[in-house]
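The structure under discussion appears below in the form of structure tokens.
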Amino acid sequence: MQQDILTVALAEFAENGFSGARVDTIASRTQTSKRMIYYYFGDKLGLYTRALEAAYLRVRQGETQLELDHLAPQEALARLVAFTFDHHRANPDFIRMVMIENIHKARHLAESQVIRDLNEAAIDKLTEICRRGQDAGVFREGLDPAALHWQISAASFFNVSNRPTFSAIFGNALFEDDGQEAIRRQTVDAILAIACKPGVRDPENE
């Protein structure tokens with residue numbers, strides 16, 4: 001029941017923002033009551049925070065399921081970038097929730113220890129990939145995992161957040177399947193070019 005409520009709440013908050021979302025609507029769509037929602041989540045802010053946490057948990061769980069530790073560093077990084085691109089494309093509500101938080105200067109996100117812990121784990125994963133790549137002599141020295149995470153997120157996020165405006169100006173071709181596959185491939189190549197020493201190639205392409 002709680003998971004169903006969180007799924008519907010995420011869609012409602014993503015569509016209407018915190019102020020515009022209605023708990024009555026969430027209750028109706030989950031065939032429950034406001035009273036039961038408040039019993040589980042405390043109040044509207046509690047529900048919003050839990051929905052935001054659930055959205056972050058989903059992407060971090062997906063990263064964990066990639067099982068990157070046994071892969072060569074370049075392949076591990078490439079797979080992580082591709083996953084991030086695919087996840088964001090498939091979960092526009094997550095992108096909208098992050099956009100809403102940015103509008104509110106991350107006020108709610110900053111108060112969530114759950115989200116801080118989840119995102120620290122994401123940086124830890126990139127740190128380990130960078131360390132393995134440097135130990136193997138294939139990654140540049142001095143890589144900043146947080147900066148690398150920023151660069152991966154930036155391309156994957158923009159692909160969803162700015163689709164309406166980009167399409168209105170330049171047409172929709174890049175958002176068709178062929179266009180998305182090309183951007184995905186270029187995003188992976190770009191991050192590998194940042195991380196890898198000159199002349200080092202993705203092992204999948206050798």
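The values are calculated or read from the model by the stated rules, or taken from the named source; none is laboratory data. Predicted, not measured: the structure shown is a model, and the values here were computed from it. A quick note on method: Cβ atoms are made from the backbone with ideal geometry, for glycine too, and the neighbour counts reach across all protein chains shown. Side chains are part of the model used for accessible areas, which takes the heavy atoms of the whole protein and leaves out ligands, DNA and RNA. Shrake-Rupley method; radii C 1.70, N 1.55, O 1.52, S 1.80 Å.
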Inset, instruction - Mind pulling the angle between the C-alpha long axis of helix 44-64 and the longest principal axis of the chain? Nearest 10 degrees, somewhere in 0 to 90. - result: 30 degrees
Legend entry - Surface accessible to a 1.4 Å probe, residue 99 within the full protein complex, Å²: 70 Å²
Inset, instruction - Note the listed values (i) 0.96; (ii) 0.93; (iii) 1.03, then indicate which one is Rg/Rh (Cα atoms, Kirkwood Rh) calculated from this particular structure. - result: (iii)
Legend entry - Principal-axis tilt of helix 145-161 within the chain, Cα atoms, nearest 10 degrees: 60 degrees
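Is the shape of the range 83-196 best called rounded, prolate or oblate, per the rule: a/c under 1.5 gives rounded, else a/b larger than b/c gives prolate, else oblate, with a ≥ b ≥ c the square roots of the Cα gyration tensor eigenvalues? Each step should come with its number before you reach the end.
On the way: a/c = 2.58, a/b = 1.17, b/c = 2.20.
It is oblate, given that a/c is not under 1.5 and a/b is not larger than b/c.
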Inset, instruction - Name the long-range amide H neighbours of residue 139: under 5 Å, sequence gap of 5 or more, or other chain; modelled H, no Pro or chain starts. - result: 134, 197
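Leaving ligands, DNA and RNA out of it, rank 25, 64 by accessible area with a 1.4 Å probe, largest first. It would help to have the intermediate numbers written out before the result.
Numbers: 25 35, 64 90 Å².
Correct descending sequence by accessible area is 64, 25.
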Inset, instruction - Rounded to whole Hz and in sequence order, give me ³J(HN,Hα) for the range 123-138 from the Karplus expression 6.51 cos²θ - 1.76 cosθ + 1.60, θ = phi - 60°, writing x for Gly and Pro. - result: 5, 4, 5, 5, 4, 5, 4, 4, 4, 5, x, 5, 4, 7, x, 10
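Give the relative contact order (percent, whole number) for the chain; include only Cα pairs under 8 Å separated by 6+ residues. Display every interim value, and only then the final one.
Working: 176 pairs, mean separation 50.6, N = 206.
25 percent.
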Legend entry - Alpha-carbon centroids, the range 1-27 and the range 137-174: separation in whole Å: 28 Å
Legend entry - Loop-resident sites, the range 1-104, for GluC sites (Glu not before Pro), counting at most 15 other Cβ within 10 Å (DSSP): 67
Inset, instruction - Could you calculate the FRET efficiency of residue 144 with residue 45 from 1/(1 + (r/R0)^6), where r is the beta carbon distance between them and R0 is 45 Å, rounded to 0.05? - result: 0.85
Inset, instruction - Treating cross-link reach as a plain straight distance, find the aspartates and glutamates whose alpha-carbon is under 15 Å from the alpha-carbon of residue 34, omitting any fewer than eight places away in the same chain. - result: 4, 12, 24, 43
Inset, instruction - May I ask you to rank 88, 149 by accessible area, largest first, using a 1.4 Å probe over the protein chains only? - result: 149, 88
